[in-house]
Amino acid sequence: MNIIALILFILMSIFNIIACNKNKKILIALTKITLAPLALVNVLINSNFNNRIIFLLCLAYALYLIGDILLLSMKTLLFALGLSSFLLGHLTFIFIFTLFNKSYWILLIALVLLIYPEILMFRITKNGQELKIPMRIYSLLMALFIAFSATTLNPLLIFGTSIFTISDSFIARNNCMKKRIFSDGAIMGTYTLALISLSLGMVIINTL
């Protein structure tokens, strides 16, 4: 396995979290925009997927990159557009997961287990004002994101989608309540873990 992209990803993740903790906005931006591309490169150099899957992976990570750029601004419109970009990225990954489905029974079980987290998200976003409806739609998609990853029976993909949901729930909590509880470092730490877990999961699924 070629680990160059993985090492660079880890280094950029560390620099980004340090920048978040020290509130170095330029360094935050410069490191953040490298994460999705490096996660994609890690998949491409360590797999031999067909052209359709490569295209879908490039599309998903490109949408994550666009979302990262838009979320650098906390203006409501740009935040909503960034959220939409991530939503489309997740939808692309859901389609990818269907190509590696091993059991639709797992999908049904996962959806049942995700009822409580969805109820919790609805409670979190009840005071979200302008972003309340988009955040609720987004949370429903995240439930499907985890559920469809479960059908692949790939632990890293399931872990990655679950951590992605945790990271996004931190953002939802911060943006839908008056007081910020979760730091940018915590949000980026979980986000980078989710990105690389999905990347490694796709590498592993290619070898099975």
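The table below gives the values:
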item	result
Search result, residues across the range 1-32 that are of a type in the set (V, I, T) and surrounded by fewer than 17 Cβ atoms within 10 Å (Cβ to Cβ)	I3, I4, I7, I10, I14, I18, I26
Residues (assigned to a loop (DSSP other than H, G, I, E, B) and touching a residue at least 12 places away in the same chain (Cβ under 8 Å)) located in the range 36-70	N46, S47, N48, F49
Residue count for the range 48-57, restricted to those that are open to solvent by 50 Å² or more (accessible area, probe 1.4 Å) and not basic (K, R)	5
Candidate set from the range 34-72 (those that are modelled with pLDDT of 95 or more and of a type in the set (V, I, T)); member that is farthest from S13 (Cα to Cα)	I53
Residue that is farthest from L56 (Cα to Cα) [pool: residues in the range 89-105 that are in a helix (DSSP H, G or I) and open to solvent by 10 Å² or more (accessible area, probe 1.4 Å)]	W105
One residue from L91, L83, L59, L30 being touching a Pro at 6+ places or on another chain (Cβ under 8 Å), on the phi < 0 side of the Ramachandran plot and not aromatic (F, W, Y)	L83
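The values are calculated or read from the model by the stated rules, or taken from the named source; none is laboratory data. What you see is a predicted model; the values in this text were computed from it and never measured. All Cβ positions, even for glycine, are placed from backbone atoms using ideal geometry, and neighbour counts span all protein chains on display. Just so you know, the surface numbers come from the protein's heavy atoms only, side chains and all, with ligands and any DNA or RNA stripped out. Shrake-Rupley method; radii C 1.70, N 1.55, O 1.52, S 1.80 Å.
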